[in-house]
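Since the structure comes first, as structure tokens, the remarks are kept for the end.
The values are calculated or read from the model by the stated rules, or taken from the named source; none is laboratory data. Source: prediction; values computed, not measured. Virtual Cβ from ideal backbone geometry, glycine too; neighbours counted across all protein chains shown.
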Amino acid sequence: MTSVPDSRTPARQVPLLSTLLSDATRRLAAAGVPTPDVDAELLAAHVFGMPRGALAAASLRGDAAPTDSAAFLGLVERRASREPLQHLTGTAPFRHLELRVGPGVFVPRPETEMVAQLAIDALRATADAEPIAVDLGTGSGAIALAMATEVPHARVHAAENSVDAFIWAQENFTAHAPHARLAFIDLANAFAELDGTVSVLVSNPPYVPDAAVPRDPEVRFWDPPAALYGGDDGLDVVRVLSRVGQRLLRPGGALVIEHGEWQGQPIRELLAADGWRATATHPDLTMRDRATTALHP
């Protein structure tokens, strides 16, 4: 005799979206993720294809969790293992841009937006109809693309010598500024044809001392070592930039270098010893020194 399901048996209850988000937030917080609530929302918005505002509204209404919540929970577990959020979503915001990023490229940070602003301000102050800007070690292309899109009359050139990073940069240049130039070349030998003509040279070089261990697992285990470590004192590439800048920049041209918060003074001393003038160190929005500028004599 065939059994008939009991109509009084309750159907499996679908969890609420708010419950899904709060559970994910607790999981990420337990793993030490610095902003667990934000990361949970961003992952949910990415998986469910919803803007964060719509996600928040659905959660407040008491909507049921979407049926593909398993994919979301999978990404939560990967984030709990401290895989970078930007690798999981495939994008990183930078100023007005959404950049494609992933394994093999340095993820752009909010503090670098201030470095880009210094370069943009110097570029806008140039009287040339088509001022030339160079970004050395461009990584994802963040600084170069900010200059190319926010100062559209400038001629922007960018150099990168990591194959993995170059692939990501190519994708971003194609999407945001196909008119800008991206070259696969070592920064020490970059753009000899531009010698003496560049108005702004900017770089976010590797500046972590070799013996230092980055605190955040996202940095320590996922950012490419070549984009992090800069020799015993962290300034090996800065020394190269000083020499390259003197070759590339026109008289009065601006050099902009990102660095660690304790490196402003040694970088100013290094640049002054090489003949640069008007060296100055600039704080980010958290009042930590993060960039030094100088003018070509």
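A compact table of results
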{"item": "Residue within the stretch 271-292 that is of a type in the set (S, T, Y) and in contact with a Leu (Cβ under 6 Å, 6 or more places away or on another chain) present", "result": "yes"}
{"item": "Residue count, the stretch 109-154 (criterion: under 17 Å from L228 (Cα atoms) and at pLDDT below 95)", "result": "3"}
{"item": "Residues of the stretch 32-43 satisfying the condition of being outside any helix (DSSP H, G or I) and either in contact with a strand residue (DSSP E or B) (Cβ under 9 Å, 6 or more places away or on another chain) or surrounded by fewer than 16 Cβ atoms within 10 Å (Cβ to Cβ) (or both)", "result": "G32, P34, T35"}
{"item": "Where a residue in the stretch 105-126 is under 15 Å from R288 (Cα atoms) and its partner, wherever it lies, is of a type outside the set (F, W, Y) and in a helix (DSSP H, G or I), with Cβ under 7 Å and at least six apart", "result": "T112/A142; T112/I143; V115/I143"}
{"item": "Strands (runs of 3 or more DSSP E) (entirely within the stretch 151-246) containing at least 2 residues that are without any contact (Cβ under 8 Å) to a residue 40 or more places away in the chain, buried (at least 18 other Cβ atoms within 10 Å of the Cβ) and touching a strand residue (DSSP E or B) at 6+ places or on another chain (Cβ under 8 Å)", "result": "155-160"}
{"item": "Members of the stretch 252-293 that are touching a residue at least 12 places away in the same chain (Cβ under 8 Å), assigned to a strand (DSSP E or B) and over 18 Å from G230 (Cβ atoms)", "result": "G252, G253, A254, R277, A278, T279, A280, H282, T293"}
{"item": "Qualifying residue in the stretch 123-139 (condition: over 21 Å from A254 (Cβ atoms) and not charged (D, E, K, R))", "result": "no"}
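Matching residues to (1) more than 23 Å from D128 (Cβ to Cβ); (2) touching a helix residue (DSSP H, G or I) at 6+ places or on another chain (Cβ under 8 Å):
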position: D236; (1), (2): yes, no
position: R239; (1), (2): yes, yes
position: Q246; (1), (2): no, no
position: G252; (1), (2): no, no
position: G264; (1), (2): yes, no
position: R268; (1), (2): yes, no
position: W276; (1), (2): no, yes
position: T279; (1), (2): yes, yes
position: D284; (1), (2): yes, yes
